[in-house]
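Worksheet: the structure to be examined is printed underneath.
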Amino acid sequence: MSIYEMFVQMWILDFKMGLFGKDYFQSLVQAGQLQTSDYATIVGEAYVAPQAQPAQPA
């Protein structure tokens with residue numbers, strides 16, 4: 001088992017215990033530290049990338 005796989009197992013427990021919420025794992029995906037498939041394994045739903053907000057006119 002790789003270190004990454006150990007982290008995923010730990011994160012599953014952390015999520016189930018309520019230590020971290022979906023926003024934490026979304027930030028890990030955005031930072032490239034968590035794969036989208038593992039996000040789904042941890043939180044039980046597919047990762048959806050946040051939509052960019054259009055620039056507001058000045």
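The values are calculated or read from the model by the stated rules, or taken from the named source; none is laboratory data. None of the values given here were measured: they were computed from a predicted structure. Note: accessible area is taken over every heavy atom of the protein model, side chains too, but ligands, DNA and RNA are not part of it. Shrake-Rupley method; radii C 1.70, N 1.55, O 1.52, S 1.80 Å.
Leaving out ligands and nucleic acids, and using a 1.4 Å probe, what accessible area per residue does the chain come to in Å²?
Numbers: 4390 Å² over 58 residues.
With the other protein chains kept in place, the chain gives 76 Å² per residue.
Can you compute the helix-only [θ] at 222 nm over the chain? Use -39500 (n - 2.57) per DSSP H run of at least 4 residues, normalise by all residues, nearest 500 deg cm²/dmol.
Values: 3 runs with 32 residues, N = 58.
Result for the chain, helices only: -16500 deg cm²/dmol.
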- Message: Rounded, prolate or oblate, given the Cα gyration tensor of the chain, with a/c below 1.5 counting as rounded?
- Response: prolate
